[in-house]
Amino acid sequence: MAVIRDMIAPFELYQPAGVDDAVRLMDQYGDEGWVLAGGLDTFDWFKDRIKRPAAVIDLAAVDEIRGIAEGGDGGLDIGAMTSLTAVAEHADVQSRYPLLAEAAGLVATPQIRNQGTLGGNIVQDTRCWYYRSGWPCYRAGGNICYASTRRAMNREHCIMGADRCVAVNPSDTAPALVALDAEMVVASSSGERTYAAADFFIGPDIDIERMTVLEPGDLLTRIVLPAPREGARWYFEKIRDRKSWDFSLVTVASMLQVQGGVIQDARVVVNSIAPYPVRMGAVEAAIRGREPSEETGQMAGEIAVEGARALRHNDYKIALTRNLVKRSIRDAA
Amino acid sequence: MEFLRRALNPWGEDVPIGVSWDLIWAAVIIGAVFVVVHALMVPKKVATGEIDESEAKGLPEKLQRHTVGARGFHWSMSATMFALLITAFFPVIGIQFPWVTIHWIAGVLLILTVIYHIYHVFAKQDFWTMWIDRRDVEEGKLGLKAALGQSDAERPRAGKYPVDQKMFHHVAMIATLGAVVTGILMMFRIDNFLLPMNTYMFSDATWGWIYVIHGVCGIGLIFLVIAHVYFAIRPEKRWMTWSMINGWIDRDRYLENHDPARWTVDGSSQRAEAEGD
Amino acid sequence: MLDAEIIQSRRGGFTRRKFIKGVIAAGATASAAGYLFRSSGVLAPMLSAQGAVERLVTLNVNGQQRRVDVPKHETLAMTLRYQLGLTGTKLGCDRAECGACTVLLDGVTHYGCSILTHTVRGREVTTIEGLEDDGVLHPVQQAVIDEGGFQCAFCAPGFVMSMVGMLDKNPAPTREEAAVLLSGNLCRCGDYDKILNTAMRAAELSRSRA
Ligand SMILES: Cc1cc2nc3c(=O)[nH]c(=O)nc-3n(C[C@H](O)[C@H](O)[C@H](O)COP(=O)(O)OP(=O)(O)OC[C@H]3O[C@@H](n4cnc5c(N)ncnc54)[C@H](O)[C@@H]3O)c2cc1C
Ligand code: HEM
Ligand code: HEM
Ligand code: SF4
Ligand code: FES
Ligand code: FES
C-alpha cells in the first residue's frame, strides 16, 4: 500500500510580529508548539505526520530578528531569521567572515538558501532516516537505535561522540560558527541567555532527544560574530555525494591565526561525524607553535581521528576526516 | 496518569517502551508521606531498659553484629545503589549529564557486590537469619497491633533481624535482582566492551517489558531507599545503623532487642575481633 | 559540544501522555481523508485561538489580488494548483528535492511545495502563468521554444522560474554560473545540456530586449 505523505495535519497558526509575542505563544504551547522559520527542516516532519504540533508559530513577520547589522567591538550581528542567501551574499560577511559566507552558500540549493534561515540551519534536527521515518528510536523517545545494529544502513552516521544514538549534526553553518567563536543569543520568557556556539550543541550522552540547548519556549534570536582575528586564515570544505542538494558527509571549518609563519591559535571544527559539530581541541593544541605545513597537517589529521570508531558502512568518514583536517591546516588561506 | 510509555514500532505494533516517568514522583511522594505519617503517628517505643542479668553472664560489653565483609557489602551496595539511582533519574527530572556509562559501570559493580553477598550468605553466614518463620509472623502481628494502639502486649524479642527488616530485605532483594537481571539484558542494547550489541535478541514487545521491569524495580528502589534511610537515622534505631559502621552493638542493646535463643552471639570467640575494630 | 558536564533542563514534572507514532500510523488513511475534506473546514482546529491567522486571505498572484480560503496547513503549491487553478506550477516530490514547484516570491525563487500559503501573504507571487506580458513571451519562455529545451518538460515550469530568478540576479552568467544558479532544479530526463543552452539563450534574449 502506498503511503501518502503529503497532507500536513491541521494546526493552529500564529504569525506574531515580535519576539515577545512569539515567546509568549511558545510558552503557552510548550512542547505542543512548533517554531517555523523557513520550514525546510519542518515540512518533512509535518507531511509524514510524525510531528503533529497543536500550534505553529511562524516567525515570518518577526522582522526584528531578520537582517545583518554591525555588532559591538567590530563584529557582526545576524538575526536568526536572515536567509542563508542573505548571509552568503552579504558584503561584510564575504569580506570579514568568508568561512561563514562559504558555508551558507554550500547549503542545499539556491531555493532552499533563499528560504531557509541561518537560525533554522543551526537548530535543524538530524537527518537519520530511521528517525525521520518515524521509527520509535531513542531520539524519538524510545529505547532502541535502528542505525547501529549489525544490518543497519549507516553510511551517513557518526564516527565519534555516539552514545546509543549514532546520528550526526547535518548543519553546514554550525561548524563555521563554532570556528568563528560566534555566540548564540536565546530569548525565552525568563529572559535572554547567551551561549558560545560550541556550547550550543549537545550530544546524546547528555540529552538523546535534542541537538541543541534549546527547549520548548526558547527562541534563537541572534548570532553574534566577534571581530575577525588579526592574521586569520580560513578553510572550509564540504564533502557530499552530489554538488547540489546533498547534506555533508564530512565538513571541516578551520581558522588559523598565523604570525611569523607560525600558528598562534587555531579552531578546527568538523561536522557530520558526530551528533554535534566537533571542535578538535587536541588538534588545536598540537598545531600551536608550528608552521601550517604538510607535516603539521598530517599530524593534525592523525590526531583528529584518534578514538574514531566506524560503524558498518562509514569507515570512509575516518579517512575523509583525516584528510580534510590535514588540508584545512596545510591549505588555509 | 499513565503507567507505561508506549510506541508503535515500525511494524505497526503497539509496544511498551518503558515505565512512565510520572511514577518517579509517585514514589517520591509516597516515600515522603510514609516518612511523615510514620514519624507523626507511630509512638516512640518506650524501651523498658530492663534486661535479664542472668543472660548477660559471660557476654562481653560489645558484641559483633556485622563482620567486615558484611559491612563492606552493605556500603558497597549502598554506594552503587545511589550511583544507579542518581544516574538513572536525575537526567529524567532535568539535571542532565552523560549518565549511561556511569550507570552501567555502577550496575556491574552492584552485580559483583550482590554475587559476593550471595556467596557470603551461603558460605559464611547463616542463611536462615533472613528467613521469615512462624515466630516472625507472630511478632509482626503483635507489632502491628501495638502500632495501631490495639494492644499493649510487649513485642517479643527478635532474632538477628526483626521481621520488618526481613520484609524490607526481601522486597529490596526482589527489586534489586529485577533491576540486575533486566539491566544485564539491557547491556545488549548499548555499546559496551563486556557484552556484544544485539539489539534484536528479543521482540520489541519483550524488550519493552524488560525496560518496564527495569524501570519499575528502579522506581521501587526510590521508595525503598527513602524508607530505609529514614529508619536508619531514627534515634531509636541508630544503634543498628552504627553497627553497620563499626560492626558491634553493646550487650544491653542485644539483650533488650534480641532473643539470645534465636540469635546466638558467641561472645568469647568474637570479643577480640569486635574490640579490635 | 558543551563543555559543562551538567546542564539544567526545564524537563521534569509530570509528563503528558506520550505515545510515539510509528511509520505506519503516520501514513495513508488519515492523510488521504484529510486531503479530500481539505476545504470543508472539518480539519480546521476546533478552537480558533485568539491572535491566530484568519483562513480567508488575499494573495497577490501574478499581479492580481485573489481572495481565497486557505487552510492553515496548506502549502503554496497546493493553493496555486487546486484553489487558484494555476496548474503550471508542478508538484514533483513535494519535498524540496526537485524544483518542479519553483515560484517567485518578490522575484526570488522558492519551492512552492515547502512554504505555507499563509506565510506568503503580502508578498508578490509569480508563477509560470504570470510571465507572459500581453501576449509577449518572457525571454526565458522564448528561449525554451528557440532551443527546444526540454524533453518531457515536466521540470520545465520550475526551470523557467529559476531562470527568471537567475537573470534577475546575474543577467550575464557564464555557463558554469548558470549551472550553479539552476542547481535547485532536477530534470528526470537528464536534459541538462539543452537546459543550459536555453538558459544562455535566455540571458542573451533578455539583454537584447533590455
Ligand atoms: C532537500 C534538502 C536539502 C538540504 N540540504 C542541506 C545541506 O546541504 N546543508 C544544510 O546545512 N542543511 C540542508 N538542509 C536543511 C535546510 O537547509 C536547513 O534545515 C534550513 O537552513 C533550515 O532552516 P529553516 O529556516 O528552513 O528551518 P525550519 O524548518 O523553519 O526550522 C528548523 C528547526 O529549527 C527550529 N527553529 C528555526 N528557527 C528557530 C529559532 N529562531 N529559534 C528556535 N528554533 C528555531 C524549528 O522549530 C525547527 O525545529 C536541506 C534541507 C532539504 C529539505
Ligand atoms: C538471592 C539473593 C539474596 C539472599 C539469599 C540474601 C540473603 C541474606 C541473608 C541470609 C542475610 C543475613 C546475613 C546475616 O546477617 O547473617 C542478608 C543480609 C542483607 N542483605 Fe541479602 N540476600 C540476597 C540478596 C540481597 C540483595 C539483592 C540485597 C540488596 C538490596 C541485599 C541486601 C542485604 C543487606 C543490606 C543485608 C544486611 C547486611 C548483612 O548482614 O550482610 N540482599 N541477606
Ligand atoms: C538497581 C538500581 C538500578 C536502577 C534504579 C536503574 C534504573 C534505570 C533506569 C531508570 C533506566 C532508564 C530506562 C529507560 O530508559 O526506560 C536504566 C537504564 C539502563 N540500566 Fe539501569 N538501573 C539499575 C540497575 C542497573 C544494573 C544493575 C544494570 C546492569 C549492568 C543496569 C543497566 C542499565 C542499562 C544498560 C540501561 C539502558 C540504557 C538505555 O537503553 O537507555 N541498570 N536503568
Ligand atoms: S542514530 Fe539516533 S536518530 Fe538514528 S535511529 Fe539511532 S537513535 Fe534514532
Ligand atoms: S515539488 Fe517542490 S521541490 Fe519537488
Ligand atoms: S525534461 Fe523531463 S524532467 Fe526535465
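The values are calculated or read from the model by the stated rules, or taken from the named source; none is laboratory data. Predicted model only: the values in this text are computed from it and were never measured. When we count neighbours, we look across all protein chains shown, and the Cβ atoms used for this are built from the backbone with ideal geometry, even at glycine. We work out accessible area using only protein heavy atoms, side chains counted, and drop any ligands, DNA or RNA first. Shrake-Rupley method; radii C 1.70, N 1.55, O 1.52, S 1.80 Å.
Data table
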| item | result |
| --- | --- |
| Whole-Hz couplings from phi, Karplus 6.51/-1.76/1.60, listed for segment B:12-19; x for Gly and Pro | x, 8, 7, 10, x, 10, x, 8 |
| Normalised alpha carbon radius of gyration of segment A:232-330 [divisor 2.2 N^0.38 Å] | 1.05 |
| Positive minus negative residues near B:Arg251 (Lys, Arg vs Asp, Glu; Cβ under 10 Å) | -3 |
| Accessible area (Å², 1.4 Å probe, nearest 10) - B:His169 | 50 Å² |
| Cα pair distances of the protein assembly as shown binned at 10 Å [whole percent] | 2, 11, 18, 20, 17, 11, 8, 6, 4, 2, 1, 0, 0 |
| Virtual spin-label span in nm between A:Gln259 and B:Ile95, 7 Å along Cα→Cβ | 4.4 nm |
| Distance between segment A:79-140 and segment C:161-204 - C-alpha centres, whole angstrom | 23 Å |
| Long pairs among B:Lys57/B:Lys237; B:Lys62/B:Lys237; B:Lys62/B:Lys141, criterion Cα-Cα beyond 27 Å | B:Lys62/B:Lys141 |
| Among B:Thr241, B:Thr199, B:Thr182, residue whose mean-square fluctuation peaks in a GNM of chain B (springs only between Cα atoms under 10 Å) | B:Thr199 |
| Rounded Å value of the spacing that divides the Cα centres of segment B:101-138 and segment C:89-140 | 72 Å |
| Solvent-accessible surface ranking, highest first, for B:Trp263, B:Trp21, B:Trp11 at 1.4 angstrom | B:Trp11, B:Trp21, B:Trp263 |
| Accessible area (Å², per residue) of segment C:61-210, counting only protein heavy atoms and a probe of 1.4 Å | 42 Å² |
| q = 0.20, 0.24, 0.25, 0.28 Å⁻¹: log10 I(q)/I(0) that the Debye formula gives for segment C:139-209, counting C-alpha atoms only | -0.69, -1.02, -1.12, -1.43 |
| Descending semi-axes in whole angstrom, ellipsoid equivalent of chain A, from the Cα gyration tensor | 32, 26, 16 |
| Simple label model, 7 Å out from Cα along Cβ direction - A:Asp31 to A:Asp73, nm | 3.7 nm |
| Mean Kyte hydropathy of -0.5 or more with a Cα span along the axis of at least 30 Å, helices from DSSP in chain B | B:68-93, B:100-123, B:163-186, B:204-233 |
| Accessible-area value, C:Asp134, 1.4 Å probe, nucleic acids and ligands omitted, Å² | 150 Å² |
| Candidate residues A:Lys243, B:Lys141: accessible-area rank, largest first, probe 1.4 Å | A:Lys243, B:Lys141 |
| With all protein chains modelled, accessible area of B:Phe231 [1.4 Å, Å²] | 60 Å² |
| Probe 1.4 Å, protein heavy atoms only - accessible area per residue of segment B:1-134 in square angstrom | 56 Å² |
| Cα-based equivalent ellipsoid, segment A:117-274: semi-axes from gyration tensor eigenvalues, Å | 29, 21, 13 |
| Whichever lysines have a C-alpha closer than 19 Å to that of A:Lys243, once near sequence neighbours (fewer than 8 apart) are set aside | A:Lys317 |
| Within the accessible area of chain A (1.4 Å probe), percent carbon and sulfur | 48 percent |
| Of every Cα-Cα pair in chain B, the percent that sits beyond 26 Å | 52 percent |
